[in-house]
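*Asks:* Take this structure, written in structure tokens, and hold onto it; I'll ask about it next.
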Amino acid sequence: MTPRVIITGAAGLIGQYFVKTAARWASGWEVHGLTRADLDLTDFSSVERTWARLKPNAVIHCAALSRTKDCEQQPQLARRINVAATAHLARLSKDIPFIFLSSGEVFDGRRGWYREEDEAIPINFYGKTKREAEQLVLQNPRHTVVRIVLTAGTSQNGDRSFVEDMCRTARSGHLLTLFSDELRCPLPAGAIARAIWELAELQAPGLYHLGGRERLSRWEIGQALLAWYPELQGHLSEGSARTHAGAPRPADLSLNCEKLQALLSFPIPGFRSWLTDRKHEGIDVWDYHSSSS
């Protein structure tokens, strides 16, 4: 029988890419994508019935309350979704591969280019829930945690990626203030999906980092996007994180990805090189069908 993999959070940006790239990168799997409308992961009885019915051979857990502001304002909900539901899924999947998508937000952002062995010190509630969930997942030696970063791409309803958020704000006539002293290593969702599909095939459990090769400021990211999204022109303003008054934001969340890169069949791209390659190839910017993706 064809092995069956469950993708949670299938309506989210990365979850959508897992489902739509499965035919290319995971042809040996029968893929079942579960959205929030399909299954409330905090309803443990319903989850247990679904697991008993589908009998998965592997799970890729993408679902989360991932917006930092939402986690700060609704800490109980954040803990229920990000920690309790994750722990429950990991228990149900105790005898099969379980891949949990975590975040670079588990770090305080004081140094950057973090390795897997570096101490995780989250400074916001979202990061704290992800760190707590990581520790629970990794109690099982068959399970895997992949820390990801700022993710680009296009979603079905145009409301899932940071790029889509930027364009929506610009089209509404508002100015976007992008911090020149907040550093990230963004990566397209298609590249993330391919890397994790390969990791699933390898069955190499453990803790991994997955981010782009380039460390860019939010301002540099915005400038790189102008060639693809002309609606951003005139709507970007350079600012400083020192003026931010909301939930704590790590200054530098660049990740060292050498551990995972050593296992992959393709080079993890940098954000600007990804955009440049696609401009030269004349294809859709977030298309995953290319030699470099």
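Each value in this text was obtained by applying a stated rule to the coordinates, not by laboratory testing. Computed from a predicted structure; not experimentally measured. Note that we place each Cβ from the backbone using ideal geometry, even for glycine, and neighbour counts take in every protein chain shown.
*Asks:* To make sure I understand the rule: partners must be lysines, Cα under 16 Å from the Cα of Lys128, and not fewer than 8 residues away in the same chain. Which ones qualify?
*Replies:* List returned: Lys69.
*Asks:* Hey, any idea what the orientation-averaged projected area of the convex hull of the stretch 223-265's Cα atoms comes to, in nm²?
*Replies:* Over every viewing direction, the Cα hull of the stretch 223-265 projects on average to 5.7 nm².
*Asks:* Taking every DSSP beta bridge that has both residues in the chain, what percent is antiparallel when rounded to the nearest 5?
*Replies:* In the chain, DSSP labels about 5 percent of beta bridges as antiparallel.
*Asks:* What's the ranking of 203-214, 180-191 by average number of surrounding C-beta atoms within 10 Å, highest first?
*Replies:* Details: 203-214: 20.0, 180-191: 23.3.
Listed from highest to lowest mean packing, they are 180-191, 203-214.
*Asks:* Roughly how tilted is helix 271-281, in degrees to the nearest 10 and between 0 and 90, from the longest Cα axis of the chain?
*Replies:* That works out to roughly 80 degrees.
*Asks:* Follow-up. For Gln223 and Lys259, what does the FRET efficiency come to when R0 = 35 Å and r is the distance between their Cβ atoms, rounded to the nearest 0.05?
*Replies:* On the way: r = 30 Å, r/R0 = 0.87.
Working from the Cβ atoms, E equals 0.70.
*Asks:* Classify the stretch 54-137 from the C-alpha gyration tensor, please: rounded if a/c falls under 1.5, else prolate or oblate depending on whether a/b exceeds b/c. Intermediate results must be reported in sequence, preceding the final value.
*Replies:* On the way: a/c = 2.55, a/b = 1.40, b/c = 1.82.
Note, shape of the stretch 54-137 comes out oblate.
*Asks:* Determine, from the Cβ-Cβ distance of Glu48 and Ile121 and an R0 of 35 Å, the FRET efficiency 1/(1 + (r/R0)^6), rounded to the nearest 0.05. Each step should come with its number before you reach the end.
*Replies:* On the way: r = 35 Å, r/R0 = 0.99.
The calculated FRET efficiency here is 0.50.
*Asks:* Write down the Kirkwood hydrodynamic radius of the stretch 4-281, to one decimal in angstroms, obtained as one divided by the mean of 1/r over all alpha carbon pairs. If you can, show how the numbers build up before the last one.
*Replies:* Values: mean 1/r = 0.0522 Å⁻¹.
Mean inverse Cα-Cα distance, inverted, gives 19.2 Å.
*Asks:* Something else now. Where a Cα-Cα gap under 13 Å defines reach, which aspartates and glutamates qualify for Lys55, not counting those fewer than 8 residues away within the same chain?
*Replies:* Leaving aside aspartates and glutamates fewer than 8 places away in the same chain, those within reach of Lys55 are Glu30, Asp95.
*Asks:* Please report, in debye to the nearest 20, how large the charge dipole of the stretch 4-281 is about its Cα centre when each Lys and Arg carries +1 at its beta carbon and each Asp and Glu carries -1 there. List each step's numbers first, then the result.
*Replies:* Numbers: 35 positive and 31 negative charges, 68 e Å.
That gives a dipole near 320 debye.
*Asks:* Note down the relative contact order for the chain as a percent, whole number, built from C-alpha pairs under 8 angstrom at least six residues apart.
*Replies:* Working: 550 pairs, mean separation 57.2, N = 293.
Reported relative contact order: 20 percent.
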